[in-house]
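The values are calculated or read from the model by the stated rules, or taken from the named source; none is laboratory data. None of these values were measured; they are calculated from a predicted model. A quick note on method: Cβ atoms are made from the backbone with ideal geometry, for glycine too, and the neighbour counts reach across all protein chains shown.
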Amino acid sequence: MHGFSSGATLALLAAERGAAIAKLSLLEPPLQVEATPPPPSSLGGEIAKLIITGRRGDAYERWLRGIGVPADMIAGMRNSPLWPALEATAHTLVYDSLITGSMPPGRLAAIATSTLVVASEGSNEQLRNWAQEAAQALPNASVRFLPGTWHGVSADQLAPALTGFFTGG
């Protein structure tokens, strides 16, 4: 099973609850394990208010700023053809804010599933630290840092790493 960002948290929750997962890969799970500052706790509420008032684009931008996306990336996203599709999914960001806080780091030690934690070399220090700390907290995990952008690794880089991990190569 592979999970990216909040999806990585969902994958960990599934593994913790005994889902039959032979191996698990996590791409930059948003888990505060050590003394890294947590994301703003009011972010989900702020996003919900913007969505309720019909400001879906502003809600998505607020989310991106709140999770640390660099300003130049946000500007590029807002001006891309992808932006309307992102706005259409803005309501799901409230769920993301709930999911990211649903896995207390102390429970990671109970997840024995063989796990590969991946982080992008292009991500900020916080995301890279979270990946490293998650790998250290899981009893059967390793971490790999791959070339990429902020909170992203291209399929060309990620696919071989995951293939090797899942097939034992």
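Please specify each residue of region 93-109 satisfying the condition of being in contact (Cβ under 8 Å) with a residue 40 or more places away in the chain and either of a type in the set (A, V, I, L, M, F, W, C) or surrounded by 21 or more Cβ atoms within 10 Å (Cβ to Cβ) (or both). Listed by number, the residues that qualify are L93, V94, S97, L98, I99, T100, M103, L108. Checking each residue in region 134-155 for being within 12 Å of P29 (Cβ to Cβ) and out of contact with any strand residue (DSSP E or B) (no Cβ under 9 Å at 6 or more places or on another chain) picks out only A137. Filter region 40-69 down to the residues that are under 19 Å from L127 (Cβ atoms), assigned to a helix (DSSP H, G or I) and aliphatic (A, V, I, L, M) and list them by number. Matches in region 40-69: L43, L64.
Residue check: A110 meets all listed conditions (1) within 20 Å of W150 (Cα to Cα); (2) of a type in the set (A, V, I, L, M); (3) in contact with an Asp or Glu (Cβ under 8 Å, 6 or more places away or on another chain) but one, namely (1). Residues in region 71-123 that are out of contact with any helix residue (DSSP H, G or I) (no Cβ under 7 Å at 6 or more places or on another chain) and hydrophobic (A, V, I, L, M, F, W, C): A71, M73, A75, L82, A85, A88, A112.
Of the residues that make up region 28-44, is at least one in the same structural domain as E125 (by TED's automatic domain parsing) and at pLDDT 90 or above? For region 28-44, residues in the same structural domain as E125 (by TED's automatic domain parsing) and at pLDDT 90 or above: present.
Going through (1) at pLDDT 95 or above; (2) touching a Gly at 6+ places or on another chain (Cβ under 9 Å) one by one, L93 falls short only on (1).
Report, by residue number, each residue of region 70-119 that is outside any helix (DSSP H, G or I), over 25 Å from A155 (Cα atoms), of a type outside the set (G, A, S) and out of contact with any Ser or Thr (no Cβ under 7 Å at 6 or more places or on another chain). Correct list: H91, P104, I111.
With respect to F145, determine if the residue is surrounded by 13 or more Cβ atoms within 10 Å (Cβ to Cβ), in contact (Cβ under 8 Å) with a residue 12 or more places away in the chain and outside any helix (DSSP H, G or I). Here the answer is yes, as F145 does meet what is asked.
Scanning region 137-156 for residues being at pLDDT 95 or above and over 23 Å from L64 (Cα atoms) gives a total of 8. For G122, the conditions (1) in a loop (DSSP other than H, G, I, E, B); (2) not assigned by TED's automatic domain parsing to the domain that holds L13 are fulfilled apart from (2). May I ask you to verify whether G66 is small (G, A, S) and in contact with a helix residue (DSSP H, G or I) (Cβ under 8 Å, 6 or more places away or on another chain)? So G66 passes the test. Residue check: A134 meets all listed conditions (1) modelled with pLDDT of 95 or more; (2) aliphatic (A, V, I, L, M); (3) assigned to a helix (DSSP H, G or I) but one, namely (1).
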